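Report on the structure given below.
Every read-out reported here was derived from the displayed coordinates using simple, explicitly stated rules and does not represent laboratory data. All figures in this text were calculated on a predicted structure; none of them were measured in a lab. We place every Cβ from the backbone using ideal geometry, glycine too, and count neighbours over all the protein chains shown.
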Amino acid sequence: MSKFHQPTTRWLLSLAVIVVLAACNGLPIGQPAAQAPSATLPPITLPTSAASPTTAASPTATPTSTITPSPTTTPTPSPTFEPLEPTPTLAPLGSEQRQQIFERAWRLVQERYLYEDFRGQDWNAVRTEFEPRVVAAERPEDFYGLMREMIERLGDDHSRFTSPQEVAADEERFSGTAVYGGIGAIVRTIDAGGLIVTLAPGGPADEAGLKPRDLIVSINGKPFTDTAAFGADGPIGVVRGQPGSTVTLTVQSPGGATRDVTLVRRVIPRNAFPDVVAERLPNSDVGLVRIDTFYAENLDALVRTEIERLLQAGPLQGLILDIRSNGGGRVDLMLNTLGLFIDGGSIGSTSGREFRREQEIPSGQTIPQLLGVPIVVLTSENSVSAAEMFAAGMQVLQRARLVGTPTAGNTENLFPYDFDDGSRLWLAQVAYRLPDGTLIEGRGVLPDRTVEGDWWEFDASNDPYIRAALEELQQTATR
């Protein structure tokens, strides 16, 4: 049975991802070294475009480039856009089928849930409360809403019940076949507004000159932070819409003034967004690889391909793996990705009521050109689930230094249970522990070097996390 872990719910535009297993919230713990960086590497040349910070840094006062906003007049919708396929209607369920689904879901929690005290819930009382309501709920929307509400009573931010529609959407996202009408941007909600994290190359937002780290301040004149003004689907639901229609965003680049950008929505496929992006940093032989998820088919192969592409231009003196915005994913893909850098070994174990399992990195999968190359992993509070396990594995096996802020501490492991109607229960069933047995749920993986400040407030050339990572690589290479 596959194990999954659900990520946090702050990812909005393209990935409402359900994530495989994740469990790592821990203090750095020394373990036998695995592929220790070589001390014979030549010194790493730091890029000269900005001063190196130590911990705190201030946002750059001037944007590095001028972006011309799109016209504020309403463009004429293109007649070539095709409407999206409608979401399938939920099929009605008879009272007997509703009762069977309810009974099985309730018993799975009763018998297999990670916490035998149900996190303080009286699970028998929950049954007494919900069973008659489920039997009486003739509309499928009401039934699935009640099932979702019942599982949410556990309050672990991981377990959840998904309707057949949501299951289909999850599977489309994983396979890369999902489509929606929108602007081609992945947006994360932060206190100041909507942070653009990733753009679909050639999409409306990309063509209008929007960039990662730009902040959406308002949508059609309504403040992004006024969530009540946008209805049940929130501000991102308003950004999405029928292809050919328009939306006006008020956007601010790091250190810049706000500007209005009017975009024409298009059909955006899920695979329009690169899950892995790699580049050589300017004026150095250091590679930067951003891994935004572990919930994508062949994710480890994508990472390998991107790194090998960088190596085609010559050897690397250092490598930075950026998982600051990684909401988690499948544990098998995460372990396979670790296998690109570490040749076998255990990153710890997962255990629950019924079993304990070592989490083993596969052997014989490493990228040969990276042998001895020092690595830094960038982390943040938005590194969640399997991303935390990845960071912990790289740290505890001494293959990388961690730079950034503590991870989310959201690492319980989910198991999926499918029902005859197409719905699915994701149940927190096991928890991840470091090799020494430390349970780190709720604490987060602690970096070796802490960097203060929100990285998205800086343009890329002045990112204090990357600057600190370069210093770490230089120090490692000269030891």
Within region 390-407, backbone nitrogen closer than 13 Å to the virtual label 7 Å beyond the Cα of ASP343 toward Cβ: none
Cα radius of gyration and Dmax for region 95-162 (Å): 11.4, 33
Furthest towards positive pole of dipole, ASN271, ILE236, GLY182, structure part region 179-272, Cβ charges: ASN271
Residue exposure sequence - THR411, THR476 - by fewest surrounding Cβ within 10 Å: THR476, THR411
5 Å binning of all Cα-Cα separations within region 179-272, expressed as whole percents from 0 upward: 3, 15, 27, 29, 19, 7, 1
Relative contact order of region 95-162, pairs being alpha-carbon contacts under 8 Å that are 6 or more residues apart, as %: 36
Sum of side-chain charges, TYR417 neighbourhood, beta-carbon under 10 Å (Lys, Arg +1; Asp, Glu -1): +2
Neighbourhood net charge (9 Å Cβ-Cβ; Lys/Arg +1, Asp/Glu -1) for VAL167: -3
Dipole magnitude of region 179-272 about its Cα centre (Cβ charges: Lys, Arg +1; Asp, Glu -1), debye to nearest 20: 180
q = 0.12, 0.22, 0.27 Å⁻¹, region 399-479: log10 I(q)/I(0) [Debye, one scatterer per Cα]: -0.58, -1.03, -1.22
Value of relative contact order over region 318-364, rounded to a whole percent, pairs C-alpha under 8 Å and six or more apart: 35
Likely footprinting exposure, THR248, THR407, fewest C-beta neighbours within 10 Å first: THR248, THR407
Rounded FRET efficiency, nearest 0.05, which uses the C-beta distance separating ALA125 from ARG353 and R0 of 22 Å: 0.55
Neighbour-count ranking [beta-carbon atoms within 10 angstrom, fewest first] of THR198, THR246, THR337, THR379: THR246, THR198, THR337, THR379
